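The values are calculated or read from the model by the stated rules, or taken from the named source; none is laboratory data. Just so it is clear, the model here is predicted, and its values are computed rather than measured. For neighbour counting, all protein chains shown are included, and Cβ atoms are generated from backbone atoms with ideal geometry for every residue, glycine included.
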Amino acid sequence: MRLTACLLALALVSCPISFARAEEAAEAPAASAPGDATRVSSLPYERKNPILAGTLSLIPGLGQMYNGSYFLGGMLLASEAGLYTAALAYLGVFDSSRRIHMGYEAVFFFALAGGLHLFSIFDATMEAARINENLDRFQVAYNPEGQTFLLAYRVRF
């Protein structure tokens, strides 16, 4: 139901654009080839670069924020900061009198923070690729030569 509503809204939004293109095409010379279609749809989202998202994610949460997931990026940043703080506390950096537990607990928190950091990089890269894939699903085009209108939605199985 939601998909049908999105497709209908996309078609209704792009109809005035395609009619304006039809009027321009009547005044302009014919297209070079009859199969040339002019893409008239532009979704309000930009394509994301997966390599840039992964690189930005070297700073915890910044790759998620680049992809638009501001809450997740903030949570990853806060979680990593908390894990590193806990690891440093168990190492006795903040209070040297508590260096009794400097072994396994600190290693555990450092390992957990490192794993979370690797997950953050992987997640930012895969999310950018998913955003790009979803943007390629919709296509609205108008062919002024043949006076045809195209609305397409691609589904992968």
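If I ask for residues that are in contact with a strand residue (DSSP E or B) (Cβ under 8 Å, 6 or more places away or on another chain) and under 22 Å from R47 (Cβ atoms), which ones from the range 143-157 would you list?
L150, L151, A152, Y153, R154
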Report yes if some residue within the range 101-108 is under 24 Å from E133 (Cβ atoms) and at pLDDT 90 or above; otherwise report no. no
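Name the single residue that is farthest from D123 (Cα to Cα) among those in the range 43-67 being in a loop (DSSP other than H, G, I, E, B) and free of Cβ contacts under 8 Å to residues at least 60 places away in the same chain.
Keep residues of the range 43-67 that are in a loop (DSSP other than H, G, I, E, B), which gives 43-49, 57-61, 67.
Filter once more, so that each one left must be free of Cβ contacts under 8 Å to residues at least 60 places away in the same chain: 44, 46, 59, 61.
On the way: P44: 23, E46: 18, I59: 13, G61: 10 Å.
Looking at residues that are in a loop (DSSP other than H, G, I, E, B) and free of Cβ contacts under 8 Å to residues at least 60 places away in the same chain, I get P44.
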